[in-house]
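Below: the structure, in structure tokens.
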Amino acid sequence: MVTSAYKAEEEIMAIPIHWWPHRFQWLERFREATEIAPLWHYFINSALFSITHVIATVFFGAMAGFGFAKYDFPGRSFLFFLVICTLMIPFQILVVPLFIEIKALGWENSYPGLIMPGLMNAFGVFMMRQHASDLPNELLEAGRVDGAGEFHMFMRIVLPLLAPALASLAIIVFIWSWGAFLWPLVVIQDRDLNVLSVGLTNYSQPYQRPPMWGAAMAASTVATIPIACLFVAFQRYFIKGLTAAAVKG
């Protein structure tokens, strides 16, 4: 993909494969990608979509997970069981009722319609609950004795202690959100509101124009760079996040 972003168009489909460009195109393919479609609009939309999901999932997931782990209330186990059960429901089943709901709210083809349905997920609640259950109760009791309110204690004591788990969850949610395709495809019709995963189809749809594979490779490279850099820089948090919640009791 990366080397094809610097090849001439005829080289991309050449047989045998040219592993390295014979005629290096420099930034020509990237320029074509921005002319064919609003690539940077897609990039900004994906960033907004992903960052919003990360912030909401991390904060509210930590709050819900802490509540399930440290507060004893009627029906706690049953409610947590219901949350976990939602992990077994494929998202494809939810697309139609979600779209009907979004349309009824007047959010079709808009940022709220794109972003709101994914602001919380059961995985975040489950992961945070598993980590929060290890926090010592004595520390929380000491905070209450010192006069800290529950929300103040959550913000000043619990969140800092959950920082490694929050980092893991943030990376996982960002990767999921950055690659989201089905829901943005369904709810958005204005191409200026498309995210990168959907916008990339503009370069290879034969009913619009002959496929521009060089521009497609350049746009795909742009889409891959943030997630690749994030994964390389924080892969130990990513792997820890995938395994830690599975082994806690």
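The values are calculated or read from the model by the stated rules, or taken from the named source; none is laboratory data. Every value quoted in this text rests on a predicted model; they were computed, and no experiment measured them. Neighbour counts run over all protein chains shown; Cβ positions are idealised from the backbone, glycine included.
Things worth noting here:
- Number of residues in region 146-187 that are under 12 Å from the mean Cα position of the chain (by Cα) and β-branched (Val, Ile, Thr) equals 4.
- Residue selected from region 68-81 under the condition exposed (fewer than 11 other Cβ atoms within 10 Å of the Cβ) and of a type outside the set (Asp, Glu), by the criterion nearest to Phe151 (Cα to Cα): Tyr71
- Out of Lys70, Lys103, one residue alone is of a type in the set (D, E, K, R) and in contact with a Leu (Cβ under 9 Å, 6 or more places away or on another chain). It is Lys70.
- Residue within region 161-171 that is without any contact (Cβ under 8 Å) to a residue 40 or more places away in the chain and touching a Leu at 6+ places or on another chain (Cβ under 7 Å) present: yes
- Leu193 passes every criterion in (1) of a type outside the set (Phe, Trp, Tyr); (2) touching a residue at least 60 places away in the same chain (Cβ under 8 Å); (3) farther than 15 Å from Asn45 by Cα apart from (3).
- Among the helices (runs of 4 or more DSSP H) confined to region 1-100, the ones with at least 1 residues that are in contact with a Phe, Trp or Tyr (Cβ under 7 Å, 6 or more places away or on another chain) and more than 30 Å from Ser133 (Cβ to Cβ) are located at 9-12, 28-36, 39-70.
For (1) of a type in the set (Val, Ile, Thr); (2) more than 25 Å from Ser168 (Cα to Cα); (3) buried (at least 20 other Cβ atoms within 10 Å of the Cβ); (4) free of Cβ contacts under 8 Å to residues at least 60 places away in the same chain, each residue gets a yes or a no:
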| residue | (1), (2), (3), (4) |
| --- | --- |
| Arg23 | no, yes, no, yes |
| Trp26 | no, yes, no, yes |
| Leu39 | no, yes, yes, no |
| Tyr42 | no, yes, yes, no |
| Asn45 | no, no, yes, no |
| Ile51 | yes, no, no, no |
| Thr57 | yes, no, yes, no |
| Ile89 | yes, no, no, yes |
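- Count of region 139-178 residues which are of a type in the set (Gly, Ala, Ser) and touching a His at 6+ places or on another chain (Cβ under 6 Å): 2
Conditions tested, residue by residue: (1) under 30 Å from Pro38 (Cβ atoms); (2) among the polar types (S, T, N, Q); (3) crowded, with 21+ Cβ neighbours inside 10 Å.
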position: Glu138; (1), (2), (3): no, no, no
position: Gly147; (1), (2), (3): no, no, no
position: Glu150; (1), (2), (3): no, no, no
position: Val158; (1), (2), (3): no, no, yes
position: Ala170; (1), (2), (3): yes, no, yes
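- Unmet requirement for Leu114, which otherwise passes all of (1) out of contact with any Phe, Trp or Tyr (no Cβ under 7 Å at 6 or more places or on another chain); (2) modelled with pLDDT of 90 or more; (3) assigned to a helix (DSSP H, G or I): (1)
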